[in-house]
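Nothing in this text is a laboratory measurement; each read-out follows from the coordinates by a stated rule. Just so it is clear, the model here is predicted, and its values are computed rather than measured. Positions of Cβ are backbone-derived with ideal geometry, glycine not excepted, and every protein chain shown enters the neighbour counts.
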Amino acid sequence: MRSLLALLPLASAQDLFLKQEVAKKDAEVLIVGAGWSGMSAAHQLAQHGVSFKIIEAREYTGGRTHSIQFGDPSVSVNTMEIGSGWLESSGTKGGPENAPPPLWTASQAMSPPLKVAFVPGSSQNMSNYQRVYTVDGKLADTDGKIRDAANAAYACIGAASGKGKTDPTVRHALEACGWKPDPSNEIEQVIDWALTVDDPGMIASQQALSLTLPDPVYEWWGPDDHFIIDQRPRGYASVLDDLTKDTVKSEDIIFNTKVRNVAYDSQGVTITAEDGTTYTADVAITTFPLGVLNRQHRELFTPNVPSKLAKVLDSDTFIMSNLTRIYLQFPEVFWDNSASKWLAANGDGDAGEFPEYINFNHAERVPGSNTLLLFLGNPESVKYESMEDADVSSAVMKKLRKQFPKAVDPVAFHITRWGLDPLAFGCYSTLKPGFIDDSYSSIVKPLKAGKHHRVYMAGEAMCDDLSGSTYGAYQSGRQQALTYLHTAGKVAHKPKEICWA
């Protein structure tokens, strides 16, 4: 029997063949990763009738926005964030779209709205630390003058940055603004840690100033923060669930599937999973965290990314930073419960050894939780994430008993290990001195095969103005999806550039 193709005119046969080829593809767009970037990209595609599949290595959506059920039932079990934990900004209108930050709007549109604790002046406002303790538990800086001086210096570098008049690191800029903590003064040292390391997760001498300040998040949308304390099981990720509930269905996501390779050519893209399964589409939107790209871009893409981008990814200036969370729950409260947040100095000159404490039992957080949250940045993150839980807990308790001699042993413990997570290798992207801002033109350029754009790279690291935040992750996925829709002729207007405003 002659084939159907043989019975058709040549042009018709070619058309049918092409239609069959298209039909074989799993979707028009394949999205790698179901975090904020991947889900926001899918949200945009769905609104324009574009078929997609999301390939996700984890068993849940949200990526580095994730919560756990923490605590011993003898005390209480509560939702605690182990990744993204803030809604930065005051939520006011601003930025290129003259609108509130999109995730703030989404969080407040939920029923009930996402529960948060207001943090005036952001986490860099040293006045939010209501107590500062010496290494042996005595109150220090009781008049707040050292914290006020730190605030003034940070405001100074914020005003000066971007004007070409400052040195290239945060440390040099702070010194130029009069903040020169005495190495022998343990109180100045621990306040300096909170000022410089707490948010970026790395020491001030390694932070590029001109590329991190002023921060558009606060410049556009107001100077405050909101600390997430929502007790829904999904916590912060419930905002993502609500945002995409009508656009991204469970059958659109392939869970527990780690991508080994993204191959692209003139015909489209083929994504290969670790188990050998392949998926095909016209284009891909990838959301690999920067830590993964730094280490694996040569294995992940065929052909590899262009040489300019490879050079940036191979450099030591565009990297992942880390901020480790440690939760401890106790059978009773032995600390001053009226303080929501405090600092505790070290006497050995290492201010980064368990310097910061957030009291979750405070009336404005999760009363009854009997829980303290500690933060560590590098290099302490590397040190303690590599240790066993029991050894970390013992080290924390040794420090706590210096502050509070009546401290009792914890009944629950958790430490995050994002720095060791092979799907992230850190918490969020950061820039070190020597990074060239113009590199973003190479970083965000779609990967091409001939004249065809085949791979769009999204993720918080790919959003220059909002990098290091969930806003950047959300906006990057949204912007790359809209860019594809415009390039494919599915939307008439080129999207407004917000990541690179």
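The aspartates and glutamates whose alpha-carbon is closer than 15 Å to the alpha-carbon of residue 448, local same-chain residues fewer than 8 away aside, are 265, 282.
To the nearest 20 debye, what charge dipole does the range 353-459 have about its Cα centre, counting +1 at the Cβ of each Lys and Arg and -1 at the Cβ of each Asp and Glu? Don't jump to the answer; show the numbers that get you there.
Details: 13 positive and 12 negative charges, 68 e Å.
Dipole of the range 353-459, to the nearest 20 debye: 320 debye.
Quick check: net charge around residue 90, other residues with Cβ under 11 Å of its Cβ, Lys/Arg +1 and Asp/Glu -1? Before the final figure, lay out the partial values.
Values: positive: 93; negative: 88, 224, 225.
Combined, the nearby Lys, Arg, Asp and Glu give -2.
Calculate for the chain the 222 nm mean residue ellipticity that helices alone would give, adding -39,500 (n - 2.57) per DSSP H run of length 4 or more and normalising by residue count, nearest 500 deg cm²/dmol. Mind showing how you got there, number by number?
On the way: 15 runs with 148 residues, N = 501.
It lands at -8500 deg cm²/dmol.
The local environment of residue 107, defined by Cβ-Cβ distances under 10 Å, has a net charge of -1 under the rule Lys, Arg +1 and Asp, Glu -1. For a 4.7 Å threshold on C-beta separation, the list of partnerless cysteines in the chain reads 427. Under the combined filter of DSSP loop state and at most 14 neighbouring Cβ atoms within 10 Å, the range 185-233 retains none of its GluC sites (Glu not before Pro).
Assign one of three labels to the range 15-148, namely rounded, prolate or oblate, based on the Cα gyration tensor with a ≥ b ≥ c the square roots of its eigenvalues; rounded applies when a/c is under 1.5, prolate when it is not and a/b is larger than b/c, and oblate otherwise. Write out the running numbers ahead of the final one.
Working: a/c = 3.22, a/b = 2.15, b/c = 1.50.
Prolate shape, in that a/c is at least 1.5 and a/b is the bigger ratio.
Straight Cα distances below 26 angstrom link residue 398 to the lysines 138, 341, 383, 406, with same-chain residues fewer than 8 positions distant left out. So which of 25/311; 115/245; 24/451 end up more than 26 Å apart by C-alpha? Beyond 26 Å: 25/311. Rg over Rh of the chain, using C-alpha atoms and the Kirkwood radius, what does it come to? For the chain, the value is 1.01. One compactness figure for the range 240-399 is 1.48, namely its Cα radius of gyration divided by 2.2 N^0.38 Å.
Kirkwood Rh, the range 143-216, all Cα pairs: how many Å?
Numbers: mean 1/r = 0.0813 Å⁻¹.
Hydrodynamic radius (Kirkwood, Cα pairs) of the range 143-216 is 12.3 Å.
Between the C-alpha center of the range 319-383 and that of the range 180-214 there is a gap of 17 Å.
Using the alpha-carbon atoms, what tilt in degrees (0 to 90, nearest 10) does helix 36-47 show relative to the longest principal axis of the chain? With both axes taken from Cα atoms, the answer is about 40 degrees.
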